[in-house]
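Chemist: Sharing a structure here in structure tokens format.
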Amino acid sequence: MDDLKSKYLSQIANAADENALETIRVAAVGKKGEVALKMRELGKMTPEQRQEAGPALNALKNEINSAIMAKKAGLADAALDERLRTEWLDVTLPTRARRTGTLHPVSQAQEELTAIFAELGFSVAEGPRIDTDWYNFDALNIPGHHPARAEMDTFYMHRAEGDDRPPHVLRTHTSPVQIRSMEKMGAPLRIICPGGVYRADYDQTHTPMFHQVEGLALDTDISMANLKWTLEEFVKAFFEVDNVELRFRASHFPFTEPSAEVDIRCSWKDGTLKIGEGDDWMEILGSGMVHPKVIAAGGIDPDVYQGFAFGIGIDRLAMLKYGIPDLRAFFDSDLRWLRHYGFQCLDMPSLHGGLSR
Ligand code: DAH
């Protein structure tokens, strides 16, 4: 029995892992193990011998079992120590380069133009995308019967029968923010209002939702010359090239008098859109001297204040600057397109830092 004991205790002490330990357990104290075989021999013994050998065998069995348990716990501790030693993380390491989202070209263009107009002293104003037809039309000198209402392809909000609140529309332009800003801030005033607008229209250069930036400058001594200078400065800064060619065309808008539209020279050769060359013109903005009725609708005295306003298509600016020939792709949410045309979201454009590095 002493031999058995020392044999198994040393095997247990040297067991490398739990599997080895289990093999030893079966061989020693399993049903057919050496200790069990010895116990079977008890039957052949004399009662005196049995009285001595029985408890001794039981004690041996218990001793081997507890040695196995103790060794098992020791092995588990060692395994945990080993895991803790190998599985660690250096939290001071820099993060791994991962695929991050990108800034949509429209957002990028909006950040860029905001930086430019900020340098010119314009602050950013906002208004609701769902507005009353008064702000969207009447206040801008477009009364109910005016053909401009029909031309705008307006989306009207549904009204329940008996609802006597004023009709609401998805704003067809950012011009209603002119009125809201005049009401809120009075004059003198120098603001831009970028944002989404809606019209039922769909082709290569039109989508039902697109973006404009409205501009409004009101003061006591503003002329068309200020408007022209501001727009030329803006376009030069935005396109970051010297050869942008602009065309001012006399036009008509109910909310300005006189009015001008501005086109940029471009070419559409072989499916690529290029700015500053070719025989095509792309219209990018409408502008003019604010109509006295509009100034009055904003609660300001048109005999004291006058000013200029403009509305620029942001999506078209982005198409021209980044050579994107189809406006519809802007809103397809195609990840490959977004990764290709997207911008680093942490690079804020500024005039001194470079607009679109
Ligand atoms: N609201 C016009 C449009 O959506 C653009 C526009 C033209 C805005 C002349 C102006 C302006 O502020 O003075 O077509």
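The values are calculated or read from the model by the stated rules, or taken from the named source; none is laboratory data. If you're wondering where the values come from, they're calculated on a predicted model, not measured in any experiment. When we count neighbours, we look across all protein chains shown, and the Cβ atoms used for this are built from the backbone with ideal geometry, even at glycine. Accessible surface is based on the protein model in full, side chains and every heavy atom, while ligands, DNA and RNA are left aside. Shrake-Rupley method; radii C 1.70, N 1.55, O 1.52, S 1.80 Å.
Chemist: When you look at Phe331, is it away from the ligand (no atom under 16 Å from the Cβ), open to solvent by 50 Å² or more (accessible area, probe 1.4 Å) and within 32 Å of the chain's Cα centre (by Cα), yes or no? Lay out the reasoning, then the answer.
Modeler: Numbers: away from the ligand (no atom under 16 Å from the Cβ): yes; open to solvent by 50 Å² or more (accessible area, probe 1.4 Å): yes; within 32 Å of the chain's Cα centre (by Cα): yes.
Spelling it out, Phe331 is indeed away from the ligand (no atom under 16 Å from the Cβ), open to solvent by 50 Å² or more (accessible area, probe 1.4 Å) and within 32 Å of the chain's Cα centre (by Cα).
Chemist: What are the residues in the stretch 50-69 that are open to solvent by 30 Å² or more (accessible area, probe 1.4 Å), closer than 11 Å to Met1 by Cα and touching a residue at least 12 places away in the same chain (Cβ under 8 Å), if any?
Modeler: Matches in the stretch 50-69: Ala56, Lys61.
Chemist: Assess whether Glu257 counts as being under 22 Å from Leu351 (Cβ atoms) and not hydrophobic (A, V, I, L, M, F, W, C). Talk me through it step by step, then tell me what you get.
Modeler: Details: under 22 Å from Leu351 (Cβ atoms): no; not hydrophobic (A, V, I, L, M, F, W, C): yes.
Here the answer is no, as Glu257 does not meet what is asked.
Chemist: Which one of Leu120, Leu103 is in contact (Cβ under 8 Å) with a residue 40 or more places away in the chain, surrounded by 12 or more Cβ atoms within 10 Å (Cβ to Cβ), of a type in the set (A, V, I, L, M) and farther than 26 Å from Ala187 by Cα?
Modeler: Details: Leu120 fails: farther than 26 Å from Ala187 by Cα.
Just a single option satisfies the conditions, and that option is Leu103.
Chemist: Looking only at residues in the stretch 295-308 that are among the hydrophobic types (A, V, I, L, M, F, W, C) and either over 18 Å from Phe253 (Cα atoms) or touching a helix residue (DSSP H, G or I) at 6+ places or on another chain (Cβ under 6 Å) (or both), which one is nearest to the ligand (Cβ to nearest atom)?
Modeler: To start, the set of residues in the stretch 295-308 that are among the hydrophobic types (A, V, I, L, M, F, W, C) comprises 295-297, 300, 304, 308.
When the remaining residues are screened for being either over 18 Å from Phe253 (Cα atoms) or touching a helix residue (DSSP H, G or I) at 6+ places or on another chain (Cβ under 6 Å) (or both), the result is 297, 300, 304, 308.
Details: Ala297: 14, Ile300: 16, Val304: 20, Phe308: 7 Å.
Taking the candidates together, the pick is Phe308.
Chemist: Would you be able to tell me the number of residues in the stretch 101-124 that are within 15 Å of Ile314 (Cα to Cα) and of a type in the set (D, E, K, R)?
Modeler: Matching residues across the stretch 101-124 total 2.
Chemist: Shifting gears a bit: Is there a residue being in a helix (DSSP H, G or I) and of a type in the set (Ser, Thr, Tyr) anywhere in the stretch 104-115? Give the derivation first.
Modeler: Looking only at the stretch 104-115, we keep the residues that are in a helix (DSSP H, G or I), and these are 105-115.
With of a type in the set (Ser, Thr, Tyr) added as a condition, the list becomes 107, 114.
So far as the stretch 104-115 goes, yes, one or more of its residues are in a helix (DSSP H, G or I) and of a type in the set (Ser, Thr, Tyr).
Chemist: Please determine, by comparing only the residues of the stretch 218-264 that are away from the ligand (no atom under 13 Å from the Cβ) and in a strand (DSSP E or B), which one is most open to solvent (accessible area, probe 1.4 Å).
Modeler: Arg247
Chemist: For the stretch 268-318, what are the residues that are in a loop (DSSP other than H, G, I, E, B), buried (at least 17 other Cβ atoms within 10 Å of the Cβ) and touching a residue at least 12 places away in the same chain (Cβ under 8 Å)?
Modeler: Those that are in a loop (DSSP other than H, G, I, E, B), buried (at least 17 other Cβ atoms within 10 Å of the Cβ) and touching a residue at least 12 places away in the same chain (Cβ under 8 Å): Leu273, His291, Gly298, Ile300, Tyr305.
Chemist: Moving on to the next point. Only residues that are hydroxyl-bearing (Ser, Thr, Tyr) and on the phi > 0 side of the Ramachandran plot: list them for the stretch 162-213, please. Before the answer, list the steps.
Modeler: Step one: list which residues in the stretch 162-213 are hydroxyl-bearing (Ser, Thr, Tyr), which gives 172, 174-175, 181, 198, 202, 205, 207.
The answer is none; no residue qualifies.
Chemist: Additional query: Return the residue satisfying two criteria in turn: it lies in the stretch 177-217 and is more than 13 Å from the ligand (Cβ to nearest atom), more than 21 Å from Pro325 (Cα to Cα) and not in a strand (DSSP E or B), and of such residues it is modelled with the lowest pLDDT.
Modeler: Ala187
Chemist: Does Asp280 meet the test of being within 30 Å of Phe343 (Cα to Cα), within 13 Å of the ligand (Cβ to nearest atom) and not β-branched (Val, Ile, Thr)? Outline the logic, then answer.
Modeler: On the way: within 30 Å of Phe343 (Cα to Cα): yes; within 13 Å of the ligand (Cβ to nearest atom): no; not β-branched (Val, Ile, Thr): yes.
Taking the combined requirement at face value, the residue does not satisfy it.
Residue by residue, here is whether (1) outside the structural domain of Phe308 (by TED's automatic domain parsing); (2) within 16 Å of the ligand (Cβ to nearest atom); (3) open to solvent by 70 Å² or more (accessible area, probe 1.4 Å) holds:
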position: Val124; (1), (2), (3): no, yes, yes
position: Gly127; (1), (2), (3): no, yes, no
position: Tyr135; (1), (2), (3): no, yes, no
position: Ala148; (1), (2), (3): no, yes, no
position: Thr154; (1), (2), (3): no, yes, no
position: Arg159; (1), (2), (3): no, no, yes
position: Gly162; (1), (2), (3): no, no, yes
position: His168; (1), (2), (3): no, no, no
position: Ser175; (1), (2), (3): no, yes, no
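Chemist: Another question about this same structure. Among the candidates Leu320, Leu351, Leu355, Leu346, single out the residue that is under 15 Å from the mean Cα position of the chain (by Cα) and either not assigned by TED's automatic domain parsing to the domain that holds Lys236 or not aromatic (Phe, Trp, Tyr) (or both).
Modeler: Leu346
Chemist: Now for a different question. Out of curiosity, is Val235 under 25 Å from Cys266 (Cα atoms), in contact with a helix residue (DSSP H, G or I) (Cβ under 7 Å, 6 or more places away or on another chain) and assigned by TED's automatic domain parsing to the domain that holds Pro302? Give the derivation first.
Modeler: On the way: under 25 Å from Cys266 (Cα atoms): yes; in contact with a helix residue (DSSP H, G or I) (Cβ under 7 Å, 6 or more places away or on another chain): no; assigned by TED's automatic domain parsing to the domain that holds Pro302: yes.
Criteria not met by Val235.
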